[in-house]
Amino acid sequence: MAKTKEYNEIQAQRAQVKMQAMALKTQQEQLQLQQQQYASMAKCPRCGSTSLSGNKKGFGIGKAVVGAALIGPLGLMAGNIGAHKVQVTCLNCGKKFKL
């Protein structure tokens with residue numbers, strides 16, 4: 001009877017260790033997933049912050065005026081050069097960069 005009790009306690013301890021190992025494995029997988037997500041996020045090249053604001057550039061009136069002066073009416077289209085680029089501003093350090 002004493003051996004049966006010891007055997008049951010050992011089995012219970014093994015089950016508990018197995019459950020703890022499974023929980024640890026799950027935590028490690030979640031941590032690895034979070035690290036992969038963080039690594040794929042856009043970051044400021046200066047400070048590494050992920051607090052960023054993106055703004056799309058619009059029509060450049062200065063480029064259009066210069067283009068019109070040099071080429072004529074077709075030069076007005078020069079104002080669209082770079083109009084679809086996204087300029088990102090870091091909300092932490094203020095650095096502006098393009099993605």
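The values are calculated or read from the model by the stated rules, or taken from the named source; none is laboratory data. If you're wondering where the values come from, they're calculated on a predicted model, not measured in any experiment. All Cβ positions, even for glycine, are placed from backbone atoms using ideal geometry, and neighbour counts span all protein chains on display. The accessibility values were calculated without ligands, DNA or RNA, using every heavy atom of the protein model including side chains. Shrake-Rupley method; radii C 1.70, N 1.55, O 1.52, S 1.80 Å.
Applying 1/(1 + (r/R0)^6) with r as the Cβ-Cβ distance of Ser49 and Lys85 and R0 = 25 angstrom yields a FRET efficiency of 0.75.
A Förster radius of 22 Å combined with the Cβ-Cβ distance from Ala23 to Lys3 puts the calculated FRET efficiency at roughly 0.10. Across Met19, Met41, the residue with the most accessible area heads the list, and the full order at a 1.4 Å probe is Met19, Met41.
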